[in-house]
1. From N220, N197, N241, grab the single residue that is modelled with pLDDT of 95 or more and within 30 Å of A23 (Cα to Cα).
2. Counting residues that are touching a helix residue (DSSP H, G or I) at 6+ places or on another chain (Cβ under 6 Å), which strands (runs of 3 or more DSSP E) fully inside segment 52-150 reach at least 1?
3. Counting only residues that are within 20 Å of the chain's Cα centre (by Cα) and away from the ligand (no atom under 12 Å from the Cβ), how many does segment 105-119 have?
4. What residue, among those in segment 157-166 that are open to solvent by less than 30 Å² (accessible area, probe 1.4 Å) and within 16 Å of C134 (Cβ to Cβ), is farthest from the ligand (Cβ to nearest atom)?
5. Among strands (runs of 3 or more DSSP E) lying entirely in segment 222-307, which contain 2 or more residues that are open to solvent by less than 10 Å² (accessible area, probe 1.4 Å)?
6. L305 passes all but one of (1) modelled with pLDDT of 95 or more; (2) farther than 30 Å from S165 by Cβ; (3) away from the ligand (no atom under 16 Å from the Cβ); which number fails?
7. Which members of segment 242-266 meet the condition of being out of contact with any Phe, Trp or Tyr (no Cβ under 9 Å at 6 or more places or on another chain) and either more than 16 Å from the ligand (Cβ to nearest atom) or hydrophobic (A, V, I, L, M, F, W, C) (or both)?
8. Suppose we keep only residues that are touching a helix residue (DSSP H, G or I) at 6+ places or on another chain (Cβ under 9 Å) and small (G, A, S) within segment 158-204. Which one would you say is nearest to V219 (Cα to Cα)?
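The values are calculated or read from the model by the stated rules, or taken from the named source; none is laboratory data. Remember, predicted model here, so these are calculated numbers, not experimental data. We place every Cβ from the backbone using ideal geometry, glycine too, and count neighbours over all the protein chains shown. These area figures cover heavy atoms from the full protein model, side chains too; ligands, DNA and RNA do not enter into them. Shrake-Rupley method; radii C 1.70, N 1.55, O 1.52, S 1.80 Å.
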Amino acid sequence: MENVIIVGTGCAGLTAAIYTARANLAPLVLEGHEPGGQLSTTTMVENFPGFKDGIDGPELIMNMKAQAERFGARFQYSTVTDFEPAPGHVRVKLDDAWVETKALIVAAGASARYLGLDHEKKMIGHGLTSCATCDGAFYRGVPVCVVGGGDSAAEEATFLTRFASKVYLIHRRDSLRASKIMADRALENPKIEPIWNTIPVEYLADDQGEMRAVRLRDVNTGAERDLDVKCVFVAIGHTPNTAAFKGKLDMDTNGYLLQREGTATNVPGVFAAGDVADHVYRQAVTAAGQGCAAALDAERYLANLGA
Ligand code: NAP
């Protein structure tokens, strides 16, 4: 019987690991398909407090992991494939084996959706990203584009006008899905040029492997053209990594876990932290804050159990 299992090794999971390890709970931390979470795919992180010159995303994650290990956190590569509440504890299926734990912190994150084009993985961090807040400031005075038509796309396009010389907003239909206020704000901005009824079909890299243009296709006519941009910001939504908990933990219609008091879920002993439950802020620092809260909630829960 484990004291606490933490699912996920992004900012939320690793912060929960540091706190529960320091509380002598020897947490078992599960690294899944995307170890390190979304930060592991970014380059420089300039908005995490404490690093005045910024820090590389993967380095920040490695530091957090080492910090958790120093206090006794144990790491294991496993994916949660099933889960069931049991009296006084919960059972978690890791790949093929069932493991029992008194508390469970779900910090499995959300994965940004990408377009599924060729060479996509290779381009991420080299002019392809899903996070304007993280990477926008790297593209000062150059043209960029945002793909999508929802609130995220409208918000990111507007944000990017602070840096970029021009922001193309590429949407597959001829009207935005975004709320009116955010759509109006974007479309009224003179730096933003919408390109309607259009989808990207290919990323074009320069000799250094950095984005130089994107090939676009008009969905009505099939006509293709290349648009010179230094970065493509994909904003077509996120998918929370909650499939294994479906039907057992309460979630909203988009699959984000619902928190009750603090970070508690509907199942006693199960806590949710970070992007798996947060589709609003989605920042490294807010995820870390929730990881801390979930660890403290789990500690109190275990203390009440008499564990
Ligand atoms: P979203 O509302 O699901 O919008 C996704 C957009 O991407 C849609 O316009 C969709 O096109 C497009 N899209 C999806 N798959 C695509 C593909 N394969 N190729 C090209 N385009 C594709 O996602 P979101 O904008 O991330 O917003 C998610 C939730 O967070 C929403 O509830 C939103 O209101 C909320 N949010 C709120 C704020 C805020 O209030 N500040 C900011 C951001 C997000 P179609 O329109 O054709 O479906």
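1. Values: N220 fails: within 30 Å of A23 (Cα to Cα); N197 fails: within 30 Å of A23 (Cα to Cα).
Every option except N241 fails the conditions.
2. Details: elements: 74-77, 80-86, 89-94, 97-106, 110-112, 143-147.
Where strands (runs of 3 or more DSSP E) fall fully within segment 52-150 and carry at least 1 residues being touching a helix residue (DSSP H, G or I) at 6+ places or on another chain (Cβ under 6 Å), they are 80-86, 97-106, 110-112, 143-147.
3. Of the residues in segment 105-119, 6 are within 20 Å of the chain's Cα centre (by Cα) and away from the ligand (no atom under 12 Å from the Cβ).
4. Initial filter on segment 157-166 (open to solvent by less than 30 Å² (accessible area, probe 1.4 Å)): 157, 160-161, 164.
Those still in the list that are within 16 Å of C134 (Cβ to Cβ) too: 157, 160, 164.
Numbers: A157: 11, L160: 14, A164: 19 Å.
Only one residue tops the list, namely A164.
5. Values: elements: 224-228, 231-234, 238-240, 270-272.
Hits in segment 222-307: 231-234, 270-272.
6. With respect to (1) modelled with pLDDT of 95 or more; (2) farther than 30 Å from S165 by Cβ; (3) away from the ligand (no atom under 16 Å from the Cβ), L305 is out only on (1).
7. The answer is A243, K246, G247, D250, L258, R260, E261, N266.
8. S175
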